[in-house]
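The values are calculated or read from the model by the stated rules, or taken from the named source; none is laboratory data. Not measured: the values here are computed from a predicted model. Reconstructed Cβ throughout: ideal geometry from the backbone, glycine too, with neighbour counts over all protein chains shown. Please note that ligands, DNA and RNA were not included when accessible areas were found on the heavy atoms of the full protein model with its side chains. Shrake-Rupley method; radii C 1.70, N 1.55, O 1.52, S 1.80 Å.
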Amino acid sequence: MQPRILFVCLGNICRSPLAEAALRARAVEAGIALTIDSAGTGDWHVGNPPDPRAQAEALRHGIDISSYRARQVREDDFRTFDFVYALDPQNLRDLQALAPRRPLARVGLLMDLVPGRAGTAVIDPYYGDEQAFAETWEDVNEAAARIVANFSRR
Ligand code: 4NP
């Protein structure tokens, strides 16, 4: 079965949809099959498409994420995914509080995959400007490249 990867941020409308989009694109480029999804620890935006600024950032990289819909992370996700990546340290703490005692999934911080960025957050662009979304893209795209490289080496 192909590896299943879930990205989790707070609202599932900015950072984790961009991580999902970046990994989908990198996986297609590399020719590897991955199951990819994203979710939020909060429920405020459930059912909503990504923030228009996140959609615009994805489009700048040729990726249409307008059909994505926000959902909240659920306990079942720790059984149906192999890897659950938190976009920032608070997301990670919230995930760990939600995880069953024996999760199938490995739960970790996304930027731990990027050399020199261990322990750090993907910048939260929600209260930022267009430049903040561009920085978010840089972070998630770098992490996505690491994920693809890890699976390509197996
Ligand atoms: P995200 O960004 O967690 O990257 O989707 C946010 C979305 C919504 C809020 C904060 C961050 N909010 O406060 O509603």
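Compute the distance in nm between two label points, each set 7 Å from the Cα along the Cα-to-Cβ direction, one at D43 and one at A149.
Taking the two extended label points, one gets 4.0 nm.
Grab the DSSP H runs of the chain that are 4 residues or longer, score each as -39,500 (n - 2.57), total them, divide by all residues and round the 222 nm result to the nearest 500 deg cm²/dmol.
On the way: 5 runs with 62 residues, N = 154.
-12500 deg cm²/dmol, from helical runs alone.
Would you be so kind as to identify all helices of the chain, as entire DSSP H runs, whose Cα atoms reach 15 Å or more along the helix's own axis and whose mean Kyte-Doolittle hydropathy is at least 1.6? Walk me through the numbers on the way to the answer.
On the way: long enough: 15-30 (22 Å, -0.02); 130-152 (33 Å, -0.24).
Within the chain not a single helix satisfies the rule.
Over the Cα atoms of region 17-112, what is the Rg over Rh ratio if Rh follows Kirkwood?
Checking Rg against Rh, the ratio lands at 0.97.
Report the full-extension gain for the segment I32 to Y127: residue separation times 0.36 nm, less the Cα-Cα distance, to one decimal in nm.
Details: separation 95, 0.36 × 95 = 34.20 nm, distance 3.46 nm.
Stretched fully, the I32-Y127 segment lengthens by 30.7 nm.
Given H placed on each backbone N at 1.01 Å, which residues far from A121 in sequence or on other chains put an amide H within less than 5 Å of it?
Under 5 Å from the amide H of A121: no residue qualifies.
Mind giving me the FRET efficiency for Q96 and R60? R0 is 41 Å, r the Cβ-Cβ distance, nearest 0.05 is fine. Please report the intermediate quantities before stating the final value.
On the way: r = 34 Å, r/R0 = 0.82.
Plugging the Cβ-Cβ distance into 1/(1 + (r/R0)^6) gives 0.75.
Between S67 and L104, how many nm apart are label points set 7 Å from Cα along the C-beta direction?
The answer from the label model is 2.6 nm.
In whole Å, what is the distance between the alpha-carbon centres of region 1-27 and region 67-139?
9
Taking 0.36 nm per residue of separation and subtracting the Cα-Cα distance, what length does fully extending R79 through R24 add?
On the way: separation 55, 0.36 × 55 = 19.80 nm, distance 2.12 nm.
Separation in residues times 0.36 nm, less the Cα-Cα distance, equals 17.7 nm.
Let me have the relative contact order for region 4-152, percent, based on Cα pairs under 8 Å that are six or more residues apart.
On the way: 291 pairs, mean separation 42.5, N = 149.
Computed value for region 4-152: 29 percent relative contact order.
Just to confirm, what accessible area per residue do you get for the chain at 1.4 Å probe, in whole Å²?
Numbers: 7690 Å² over 154 residues.
I get 50 Å² per residue for this part.
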